[in-house]
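What follows is a single structure, written as C-alpha cells, with notes after it.
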Amino acid sequence: MFFGATGDLAYKEVFPALLGLVQRNRLDVPVIGVARSGWDLAQLRRRARESVEHDAGGKGKVDEEAFARLSELLRYIDGDYKEASTFRRLRKELGDARRPLHYLAIPPSMFATVTEGLAAAGCLDAARVIVEKPFGRDLASARELNQILHRHLPEDRIFRMDHFLGKEPIQNILYLRFANALLEPIWNARYVRQMQITMAEDFGVKGRGAFYEEAGAIRDVLQNHLLQVLALLAMDAPAVHTPDATRQERSRLIEAIRPLDRSSVVRGQFRGYRDEPGVAADSAVETYVAARLAIDTWRWAGVPFYIRAGKRLPVTDTEVLVEFRRPPLELFGELIPARSNHLRLHLGPDVRIELGMRVKVPGDQLIGEDVELEAANFAVGGRSPYERLLGDAMRGDTDLFARQDAVEAEWRVVDPVVGDDATPLYEYDPGTWGPEEADQLIAGDGTWSVPS
Ligand code: NDP
C-alpha cells in the first residue's frame, strides 16, 4: 500500500526504487497507490513511467522488461484519507494479503489520520508501516505520534524512514570503524581533538519554499540525518549477536548527547530566501544551522562535535572530519598544524576517504608538509537508499530505521533551539559559508573544515 503515490517523493524516489526491487526480483506483490487526485490506474502507470525515465536519464535507458513487470503490479485507489470509505475500499483491495506493508509518503499532518483510518478498517493486522520524515515537529508531537502508532502496532512493525541510513557511504562509517581494528584504539577523547560534520548544498529550496517554511535546517536535516551520522561516528561497537544491536547502540549514543542551547547554536538565512515562492516576507526560518555538541560518555567527554548544514553554500558536499590531537612533543622544532592528522570522509555526492598525515620534505632539515592518502569512489553505484530501505521493510528488517527512543532523544537534543524565537537569526550571502557568527562558535577549537 503506497500512500502519496501521486506526490513529489513518489516521483523522485519511490518509483525508481520499486523498479530496482523488481529488477532484483525482490518485488512480486501488488503495489496499491492511494491518493485523491482523481486519477486512474493508467495515469498512475504513466506517472511511474515518467518517473523512471527521469531517473534513468532518458527514455531509451529504462529496463523495459522490468518496467512491464512493475506496471503489472501497480493498482490505484482514489480517495481522501479523511474518509472512512477510502479505507474500506483499501481493505477490499488487500484481499487475503497476510502481511501488508503500508508506506506513508504523505504530508506529516496526515500520518495519524491514515494510521487511525487503517486501524479502523482492519488493515493493520500483522501489517508493517513505514512513516516518512519528519517524525513530529518537536518532542511533544513526536511522542504523541509514537503513542498513536503504538496503539495499533508494536515497535518492530514501525519503520521510521531516515533515508540517510540507507546510503552506502553512511553505512560505510560503521563498517570502516569496526572492520579496521587500528581505528578503535584512537577513537576516543585521548586521541580525537574534535569532529565536524558538514552538509553543504549549493542550491536553495528548489521551489519547495512552502514545505521548507514548515521545516528549516534544524528540523529538516539536523534532528534526523545529521544526528544519526553523529551516532554512527561516535557509538560503541554493537553486540553483533542480537538483531537490534546496531539500533540499540545508535540510540544509546543519541541519548548521551547534551541538549543544545542558545550558546551552542547559530542559525542563518540566505539573503533572497524571503523572495522564494511560498516563503513569508518576514520568515524567520533558518536555511543554515551550525551547532556545537557534547557527548557525555567516558569515550567522548570534553571532545567538541561540530555540525553545520546550509543551503546556497559554495559547494554541494557532505563530509565528516575527524581531527586527531597533535603529537605530545615537538621533536623537530616546527609547530605541527592542528589538523595535520585527520580522517576525512566525503559522504556524497563524491565518495572519498582521506587520511591526513605529516611527511618530511626532501632536504637537509627535518621539516614537513601535510599530505592526504586517498581512497576514491569505492562506494558509488548500487541501490538507491530508498530501494535498500523499502526492501528491508518488506523483509521486516528494522536495523536501518530510527527506533522510537532514538527519535525522541533526537528531539530532546534540538527541542530547546527549534522555533523562530528560540535563537537569533543571522543573514548570509548566497555562495558564502554562512554567517560569520558560525566562525565565532567554533573559534575556541579552530576553524570549520572546508569541503573541497
Ligand atoms: P506531496 O505534497 O508532493 O505529496 C503528497 C501526497 O499525499 C500526494 O500523493 C497527495 O495526493 C497525497 N495526499 C495528501 N493529502 C491527502 C488526502 N487528504 N487524501 C488523499 N491523498 C492525500 O508530498 P511529498 O511527496 O513531497 O512528501 C511526502 C512525504 O515524504 C512527506 O512526509 C515529506 O516530508 C517526505 N519527504 C519528501 C521529500 C521530497 O523530496 N519530496 C524528501 C524526503 C521526505 P494528491 O496529489 O492526490 O493530493
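The values are calculated or read from the model by the stated rules, or taken from the named source; none is laboratory data. Just so you know, these numbers come straight off a predicted model, no measurement behind them. In this analysis, Cβ positions are derived from the backbone assuming ideal geometry, glycine residues included, and neighbour counts consider all displayed protein chains.
Of note:
- Helices (runs of 4 or more DSSP H) wholly inside the stretch 1-114 containing at least 1 residues that are among the β-branched types (V, I, T) and over 26 Å from G166 (Cβ atoms): 84-94
- Some residue of the stretch 367-376 being touching a residue at least 24 places away in the same chain (Cβ under 8 Å), part of a loop (DSSP other than H, G, I, E, B) and either surrounded by 16 or more Cβ atoms within 10 Å (Cβ to Cβ) or not assigned by TED's automatic domain parsing to the domain that holds A239 (or both): no
- Residue list for the stretch 202-214, filter: surrounded by 14 or more Cβ atoms within 10 Å (Cβ to Cβ), within 13 Å of the ligand (Cβ to nearest atom) and assigned to a loop (DSSP other than H, G, I, E, B): V205, R208, E214
- For the stretch 332-350, taking the residues that are farther than 21 Å from A189 by Cα and at pLDDT 90 or above, the one that is surrounded by the fewest Cβ atoms within 10 Å (Cβ to Cβ) is identified as F332.
- V192 falls short on exactly one of the conditions (1) in contact with a Lys or Arg (Cβ under 6 Å, 6 or more places away or on another chain); (2) more than 27 Å from P108 (Cα to Cα); (3) of a type in the set (V, I, T), and that condition is (1).
- Residue under evaluation L70, criteria (1) farther than 21 Å from R151 by Cα; (2) of a type outside the set (D, E, K, R); (3) within 12 Å of the ligand (Cβ to nearest atom), criterion not met: (3)
- Residue list for the stretch 80-102, filter: within 12 Å of the ligand (Cβ to nearest atom) and crowded, with 18+ Cβ neighbours inside 10 Å: Y81, T86, F87, L90
- Residue in the stretch 289-304 that is within 28 Å of Y426 (Cβ to Cβ) and in contact with a Gly (Cβ under 6 Å, 6 or more places away or on another chain) present: no
- Pick from the stretch 103-117, criterion within 12 Å of the ligand (Cβ to nearest atom) and in contact with a strand residue (DSSP E or B) (Cβ under 9 Å, 6 or more places away or on another chain), ranking: nearest to G391 (Cα to Cα): Y103
- Leading residue by the ranking (nearest to D415 (Cα to Cα)) among those in the stretch 214-225 that are of a type in the set (D, E, K, R) and at pLDDT 95 or above: R219
- Breaking point among (1) of a type outside the set (A, V, I, L, M, F, W, C); (2) under 30 Å from A126 (Cβ atoms); (3) touching a Gly at 6+ places or on another chain (Cβ under 6 Å), for G209: (2)
- Pair list, Cβ under 6 Å, 6 or more apart: the stretch 130-154 residue not assigned by TED's automatic domain parsing to the domain that holds A217 and outside any helix (DSSP H, G or I), other residue within 16 Å of the ligand (Cβ to nearest atom) and of a type in the set (S, T, N, Q): K133/N224
- Cβ pairs under 8 Å, 6+ apart, first in the stretch 33-45 and free of Cβ contacts under 8 Å to residues at least 40 places away in the same chain, second within 11 Å of the ligand (Cβ to nearest atom) and assigned to a strand (DSSP E or B): W39/Y76; W39/D78; D40/Y76; D40/D78; L41/Y76; Q43/Y76; L44/G33; L44/Y76
- One residue stands out in the stretch 147-175 among those that are under 19 Å from the mean Cα position of the chain (by Cα) and away from the ligand (no atom under 16 Å from the Cβ): the one that is farthest from A294 (Cα to Cα), namely E168.
- Whether a residue is within 16 Å of the ligand (Cβ to nearest atom), surrounded by 17 or more Cβ atoms within 10 Å (Cβ to Cβ), modelled with pLDDT under 95 and under 31 Å from the mean Cα position of the chain (by Cα) was assessed, and F2 passes this test.
- Test: residue in the stretch 391-402 that is surrounded by 15 or more Cβ atoms within 10 Å (Cβ to Cβ), basic (K, R) and either over 29 Å from P100 (Cα atoms) or not assigned by TED's automatic domain parsing to the domain that holds V31 (or both): no
- Failed criterion for R193 (all others in (1) within 14 Å of the ligand (Cβ to nearest atom); (2) among the basic types (K, R); (3) under 21 Å from E319 (Cβ atoms) hold): (1)
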